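J.: Take a look at this one; I'll ask things after.
The values are calculated or read from the model by the stated rules, or taken from the named source; none is laboratory data. Not measured: the values here are computed from a predicted model. Counting neighbours? That spans all protein chains shown, and the Cβs are built from the backbone with ideal geometry, glycine included. Ligands, DNA and RNA are stripped out before the accessible areas are found, and what is left, the full protein with its side chains, is counted by its heavy atoms. Shrake-Rupley method; radii C 1.70, N 1.55, O 1.52, S 1.80 Å.
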Amino acid sequence: MGAGRDHPAGVALLPLPVSRPQGAGGRRAFPWRPALLTATLLAISATAAAQTESPGQTLKRVEQDLQSDKALQRQLDRQSQTLQKELDELRERLVGLADQERAQEDELAHLEESLTALETQERNQAEKLEGERQQIAALLAALQRVARIPPEAALARPDGPVDTLRSALLLRDTVPALRARADALAQALTRLAETRETLQAQRSRTYAARLTLIDRQKEIGQLVARREELSRQTEEERQQVAQRTARLTGQAADLRQLMDRIEAERRAAAAAAAAKREAERLEAERREAERRLAEQRAAEQRQAEQKLAEQRAAEQRAAEQKLAEQRARAETETARAAPSAPAGERLPVGGRVTVRYGEADRYGATSRGVTIQARAGSTVVSPQAGTIVFAGPFRGYGQILIVEHSHGYHSLIAGFGRIDTAVGRRVATGEPIGLMPADGSPDLYFELRRHGQPINPQRGFGAPEGKGQG
């Protein structure tokens, strides 16, 4: 109330304007800025006149300023909703691009496997043809040496007639066989040329697929950066709206105090005001006592629930220990019979599952999740919609991310090269949340828990209560 006398209410209640960027082209113009400037000038010009105003006139002017501030706040809320809509659309585009990148990676892996097979086939054919070529060259050289011997020299050789006849018969039989081998060699050379043409075409397709994958990853990177920029803007606007709301609430409280002061001075009811304050103090003490009692009851209830949860967990661990070996063997046989993920499952990254749930990892311990060997630089997505509750390095596990889902599910993902989200962010199913390391053949570890207990990630979400363990 004292502040209302020292500073004119028309100046103290004016809010600060808030602006945000519109795309990459600059800042969006706010149509209410001229009105704000006019209100500011009118408030300054009314400062001198406020000294001679009556309390009723001052109260009316303060109420008008408060209504103007509320209108500005509503307009800021609408602009924040527009920004949030743009952010949601950007998230949908990111999910679509992540799916396209996964398909590009699968196609590239298939092309690389086919390219390796063609290169092996071309190398084997070339080695085989080289051996045939050397044998035929030796036979041709022998025939050429025989052909250069004159008939008189052949008759004059010390060999007998029988040996000479035998040599002639052998040469006669060798020529057709040599011709047949030469024809087969020509056909093999033709097949080798066709294989090399196919190999060259396959290499071209593989190179084009790699370029497409690189472009897709660049586009995802740009959209992720845009998403982070919009998220920061949304957070800033929310903070500004919260500050504005707090300031208007304080101003409204000051206004009510001013009204109470005027009413009290006009009626000279100081005793009634003191009684009212005492009643409010007693009411506050009563509410505080009720709050403390409610907190005590809630704490006792949480302790009882915690004990019950610990008892259930102990019973569950005892049951799991009895069925561990049988369940592990069944899952191993099922995983070997169907190595690929079930239909409709969304793993955080594409690649080959090297360690499955329940198998021994490289340290000899039983794995509580799955390990996926991914391509360097691949995009990691959220397996299900949820909220980020942890993001960053943790002990010796490197960069990890924990996502809280509905119905008691939590996802723990480790092995990132870079994390592109933050704690408190809401992510959609399939939304990019980071990248794998940019070199080598990195591994990503994915663990799924329900109510704090690890379950098989390859069974996916939505398992009925009590049926998802193991």
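J.: Suppose the filter is modelled with pLDDT under 85 and open to solvent by less than 60 Å² (accessible area, probe 1.4 Å); does Leu87 pass it?
T.: yes
J.: Please work out if Thr120 is within 25 Å of Thr421 (Cα to Cα), in a helix (DSSP H, G or I) and either at pLDDT below 80 or open to solvent by 40 Å² or more (accessible area, probe 1.4 Å) (or both).
T.: Taking the combined requirement at face value, the residue does not satisfy it.
J.: Here's a follow-up. Within the set of pairs 6 or more residues apart or between chains, which connect a residue that is touching a residue at least 40 places away in the same chain (Cβ under 8 Å) inside region 200-225 to a residue that is open to solvent by 60 Å² or more (accessible area, probe 1.4 Å) and not basic (Lys, Arg) with Cβ atoms less than 8 Å apart?
T.: Matching pairs, first to second residue: Ala209/Glu107; Arg216/Gln100.
J.: Do we find a residue being under 17 Å from Arg375 (Cβ atoms) and surrounded by fewer than 20 Cβ atoms within 10 Å (Cβ to Cβ) anywhere in region 399-417? Reasoning before the result, please.
T.: Kept after step one, since they are under 17 Å from Arg375 (Cβ atoms), are these residues of region 399-417: 413, 415-417.
Next, from what is left, pick out any that are surrounded by fewer than 20 Cβ atoms within 10 Å (Cβ to Cβ): 417.
Yes, there is a match, as at least one residue in region 399-417 is under 17 Å from Arg375 (Cβ atoms) and surrounded by fewer than 20 Cβ atoms within 10 Å (Cβ to Cβ).
J.: Filtering region 378-389 down to residues that are open to solvent by 20 Å² or more (accessible area, probe 1.4 Å) and either among the basic types (Lys, Arg) or in contact with an Asp or Glu (Cβ under 9 Å, 6 or more places away or on another chain) (or both), which residue is nearest to Gly417 (Cα to Cα)?
T.: Among those residues, the one meeting the criterion is Val389.
J.: Let me ask something else. Among the residues in region 318-328, are any modelled with pLDDT of 85 or more and either open to solvent by 80 Å² or more (accessible area, probe 1.4 Å) or assigned to a strand (DSSP E or B) (or both)?
T.: Checked against the condition, which is being modelled with pLDDT of 85 or more and either open to solvent by 80 Å² or more (accessible area, probe 1.4 Å) or assigned to a strand (DSSP E or B) (or both), region 318-328 yields no hits at all.
J.: Taking the options Glu132, Glu127, Glu113, name whichever one is part of a helix (DSSP H, G or I), surrounded by 13 or more Cβ atoms within 10 Å (Cβ to Cβ) and at pLDDT 70 or above.
T.: Values: Glu127 fails: surrounded by 13 or more Cβ atoms within 10 Å (Cβ to Cβ); Glu113 fails: surrounded by 13 or more Cβ atoms within 10 Å (Cβ to Cβ).
Checking each option against the conditions leaves just Glu132.
J.: Another question about this same structure. Can you find a residue in region 357-371 that is out of contact with any Pro (no Cβ under 8 Å at 6 or more places or on another chain), at pLDDT 85 or above, surrounded by 13 or more Cβ atoms within 10 Å (Cβ to Cβ) and within 26 Å of Thr421 (Cβ to Cβ)?
T.: Yes, region 357-371 contains at least one residue that is out of contact with any Pro (no Cβ under 8 Å at 6 or more places or on another chain), at pLDDT 85 or above, surrounded by 13 or more Cβ atoms within 10 Å (Cβ to Cβ) and within 26 Å of Thr421 (Cβ to Cβ).
J.: Could you tell me whether Gly96 is at pLDDT below 50 and small (Gly, Ala, Ser)?
T.: no
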